[in-house]
Amino acid sequence: MGKCPSCGTWNSLVETLVGGEARSGKREAGSGTAKLQKLSEIKEIGSSRISTGMEEFDRVLGGGIVAGSVTLLAGEPGIGKSTLLLQAAANIAQEVSQVARVPQVPRAKDSRDTRDTSNSRGTSVVYVSGEESPSQIKIRAQRLGIKSENLLFLNETDADSIIDTIQNQKRDPASTLVVVDSIQTLTTEDLTGTAGSVGQVRECTNRLLNMAKSQDIPLFLVGHVTKEGSIAGPMVLSHMVDTVLFFEGERFASLRMLRSMKNRFGPTDEVGVFEMIEKGLNEIDNPSEIFLGERTKEVSGSVITCLMEGTRPLLVEIQALASQTQLPIPRRVGQGIDNNRLQLLVAVLSRRIGLPTGGFDLFVNVAGGIKISEPGADLAICLALASAIMDKPLSQKLCAIGEIGLLGEIRRVGGLEKRIKESKRLGFTKVVSANDSSSLRETVRELLK
């Protein structure tokens, strides 16, 4: 049925499995009762985590992978999701194989050594590919220099077959990690919908999740995103998993950023920075050097600001350009910042500062392809616009940090002391913030005399 008989919308019916027989009449007393537990009786989850071998990846996960956790990694096609997970899987498999080769020394029965040697039993990492053939994955693995023998590949799209294969492994425990690339390619014969449909994605995810939770196997699911930037498939998919990660960046730029949108085992404000090179993804320990490495000197419209990405201060360059307009309504274009926020800041400059913004097309860009979502860059954007309009360059040693209100005041932002310390560490001797001035008008007049 293409049209819903209740609401009248088209293509809104979703095929769903109904478990068990239909219930009729009253239930028998005591049938199907659940067991109540006290808080003290609940088994505590171990604090040990599995390292991915990539510090930036571990930072976003909250210190590593938790046993039995289910993580959804989403991103645009071609951004590097498969490369990231293949490198992490290879690192874990390599670490497992090294531990497995360590000779175990026999100990007395009363030994109190509590070291965890479970990985020494010969565990493995399973990489399930539903999009690429094994030969295609081998080409990527050779390019990345991966040669681990404990990294197993499975080319399958049937969810039930994947679960049976993993559970039937004659290993104890069966697997250290399972990666499914991607969840939109899996199907189950119990549903007639095509791969990627709402019903298939939801049911396959639920079955894989039950397998991971029952056997304490960490599971990574690769998900696609729509043209609007949201995860393809039902929204319930984000609620089912423990962690939701977004891998983003410009397709034609080398910089990649890994963000956490949901994490039941760690923070959601951390970010991992990578660079895509010929041999895979390379971790960036100091991203500020990447963003400031190609800065042009003595040019108007350039200001440095310091952002807070989780617990990490990050210095980026704000660039602005003012061009005489030929249109009745001047253009306001922002790249890397919210256009509505740009319109607001331009209005503050026009009304509170008195700058002639009406005769210029104004363009603002965040160098390096990073996207700004916090208000701590407002002061830098205003100073860059004022510098571009007045065509006066600012000091190369200046760093501006602060939020701008509608009254033209400079407001404090979180982690200000940490931002100032990082700015001065990288050589920016003059840091302008709410500690120095509370008025945008006074700051613009002082810096652009």
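Just so you know, all these numbers are worked out from the coordinates, no wet-lab data involved. Given the structure is predicted, the values throughout are model-derived calculations rather than measurements. Quick reminder, even Gly has a Cβ in these numbers, built from the backbone with ideal geometry, and neighbours come from all protein chains shown.
Just a few scattered comments:
- Positive minus negative residues near ILE163 (Lys, Arg vs Asp, Glu; Cβ under 11 Å): -3
- Rg over Rh [alpha-carbon atoms, Kirkwood Rh] for the stretch 295-425: 0.95
- Cβ-based exposure ranking for LEU307, LEU355, in which fewest neighbours within 10 Å come first: LEU355, LEU307
- Choice from THR165, THR33, THR268 with maximal GNM fluctuation in the chain (Cα, 10 Å cutoff): THR33
- Here ARG251 and SER373 are evaluated by their C-beta separation; at R0 = 25 Å the FRET efficiency comes out at 0.80.
- Put in order of Cβ neighbour count within 10 Å, fewest first, the listed residues ARG341, ARG202, ARG140, ARG331 become ARG331, ARG140, ARG341, ARG202.
- Whichever aspartates and glutamates have a C-alpha closer than 16 Å to that of LYS43, once near sequence neighbours (fewer than 8 apart) are set aside: ASP216
- Remark: relative contact order (the stretch 289-447) = 27 percent; criterion is Cα-Cα distance under 8 angstrom and separation of 6 or more residues.
- Antiparallel bridges, percent of DSSP beta bridges restricted to the stretch 289-447 (to nearest 5): 70 percent
- Where labels lie 7 Å past Cα in the beta-carbon direction, separation of LYS3 and GLU149 in nm: 6.5 nm
- From the coordinates shown, P(r) over Cα pairs in 20 Å bins from 0, in percent corresponds to which of (1) 27, 60, 12, 0; (2) 21, 42, 30, 7, 0; (3) 22, 50, 27, 1: (2)
- Stretchable slack from LYS138 to SER40, in nm (0.36 nm times residue separation minus alpha-carbon distance): 30.4 nm
- The GluC sites (Glu not before Pro) of the stretch 399-435 include none that meets both conditions, a loop assignment by DSSP and at most 11 other Cβ atoms within 10 Å of the site Cβ.
- Antiparallel beta bridges, as assigned by DSSP with both residues in the chain, represent about 50 percent of the total such bridges.
- Bridgeable lysines around LYS392 (alpha carbons under 22 Å apart, same-chain partners fewer than 8 residues away excluded): LYS297, LYS430, LYS449.
- The relative contact order of the chain comes to 13 percent, based on Cα pairs under 8 Å that sit 6 or more residues apart.
- Counting only residues at least eight positions apart within a chain, or on another chain, the lysines with an alpha carbon under 20 Å from that of LYS279 are LYS81, LYS138, LYS147.
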